[in-house]
Every structure is written in C-alpha cells, then in structure tokens.
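Notes for the one structure printed next.
The values are calculated or read from the model by the stated rules, or taken from the named source; none is laboratory data. Owing to the predicted nature of the structure, the values given are computational and were not obtained by experimental measurement. Cβ placement follows ideal geometry from the backbone for every residue including glycine, while neighbour counts extend to all protein chains displayed.
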Amino acid sequence: MSNILASFVAQIPSIQLMLVVVTAILHILFAGAVAKDAGQLNKRGLKTHLVSGATWAFAVLVGGPLIAVGYWFMHHLKPYH
C-alpha cells in the first residue's frame, strides 16, 4: 500500500503543473474571445459597459471565465419585458 501512495505523491507536482498550464490556456482563450467581441461591438458603434474593451480583456485574463461570464451578462443578455 505504501508503494501506491508513494507513487501517487511523486505524481503530484506533475498534476499541479498540468492544472496551472490548463488554467493559463483557458484564461488566455477567454480573454481573446472577450477582446474580439469588444472589438466587434466597437465596430457596430456600441460601447462596452463600465470600462474599455481592453480593460475587460485584461480583467478576464486575470480573473478567468468567471469575469467572462460577467462580461457576457452585461453585454449580451437581453432583459425580458
């Protein structure tokens, strides 16, 4: 049993590195998508809410998908009347 546990413990740094890389890739992809969408809004003559599109993209780069969801709700969710 201790051999199995030792084998698992030896793998933890690799698993952590993999999670960091996947997280970084997701943050970059979501930030790119927000930057592209903010640019398209700007081309249509619409402004982003609260801050500029570049600031939104940076916020998503730092904050990840949760901030991207906030961006989407603010810019694409249509209120029902």
### Query
In this structure, is His49 in contact with a helix residue (DSSP H, G or I) (Cβ under 8 Å, 6 or more places away or on another chain) and surrounded by fewer than 13 Cβ atoms within 10 Å (Cβ to Cβ)?
yes
### Query
Which residue, of Phe8, Phe30, Phe73, Phe58, is under 16 Å from the mean Cα position of the chain (by Cα) and at pLDDT below 95?
Phe73
### Query
Does segment 39-65 hold any residues that are among the polar types (S, T, N, Q) and part of a helix (DSSP H, G or I), and which are they?
Gln40, Asn42, Thr55
### Query
Which number in (1) in a loop (DSSP other than H, G, I, E, B); (2) loosely packed, with under 10 Cβ neighbours inside 10 Å; (3) of a type in the set (A, V, I, L, M) marks the one condition that Leu5 misses?
(1)
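Tell me whether segment 54-76 contains one or more residues that are on the phi > 0 side of the Ramachandran plot, hydrophobic (A, V, I, L, M, F, W, C) and without any contact (Cβ under 8 Å) to a residue 40 or more places away in the chain.
no
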